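The values are calculated or read from the model by the stated rules, or taken from the named source; none is laboratory data. Nothing here was measured: the structure is a model prediction, and the numbers come from that model. Every residue, glycine among them, receives a Cβ derived from its backbone with ideal geometry; neighbour counts consider all protein chains shown. Calculation scope for accessible area: heavy atoms of the full protein, side chains included, ligands and nucleic acids excluded. Shrake-Rupley method; radii C 1.70, N 1.55, O 1.52, S 1.80 Å.
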Amino acid sequence: MSKYNITEKKNKVQANPVLMRATVRDELQKGIYQCIVVEKKYKEPGYNLKRLAIDLGTNTRYISAVCSERFHTNYCGLINAERIREAKLLLTTKRCSNLSTEEIGEMVGFNNRQSFYGAFYRHENTTPAQYRKANMAVQVPEAK
């Protein structure tokens, strides 16, 4: 008998997929994109799946199903991908060179340094500081 009580991880199979018409899925996809990407609500640290569902007049299960099917990730993955995308831009622009990586993390919606560094590393396989150092030579021109 082993020292630890370890059981095999069971693969979860969604027994009852969410049933929605394609037009509803299309509308939700547009709404999610509008709220998250265009309106940049990902910058609000308290913005969560429940608030998005309220904003779109639907429920969290529908949002989760559309994120999974259309964006190939879950809600948190979608939010963090947008935050990391913007953080990468800010880390390499000259006008933000005086800001610390922690300040940039806060600007894009992360609550603390650890969550920013963890998410950034999972997406880019490098830390924000290493990314900045490697990419400052290839600076993005400033928008006028």
* Structure fact -> The helices (runs of 4 or more DSSP H) lying wholly within the range 90-144 that contain at least 2 residues that are over 16 Å from the mean Cα position of the chain (by Cα), farther than 16 Å from GLY77 by Cα and modelled with pLDDT under 95 are 101-107, 128-135
* Within the range 54-67, count every residue that is small (Gly, Ala, Ser) and in contact with a Phe, Trp or Tyr (Cβ under 9 Å, 6 or more places away or on another chain). => 1
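Of the residues ALA87, ALA129, ALA81, which is on the phi < 0 side of the Ramachandran plot and open to solvent by less than 30 Å² (accessible area, probe 1.4 Å)? Break it down into steps so the answer makes sense when it comes.
Numbers: ALA129 fails: open to solvent by less than 30 Å² (accessible area, probe 1.4 Å); ALA81 fails: open to solvent by less than 30 Å² (accessible area, probe 1.4 Å).
Selected residue: ALA87, the only one of ALA87, ALA129, ALA81 that is on the phi < 0 side of the Ramachandran plot and open to solvent by less than 30 Å² (accessible area, probe 1.4 Å).
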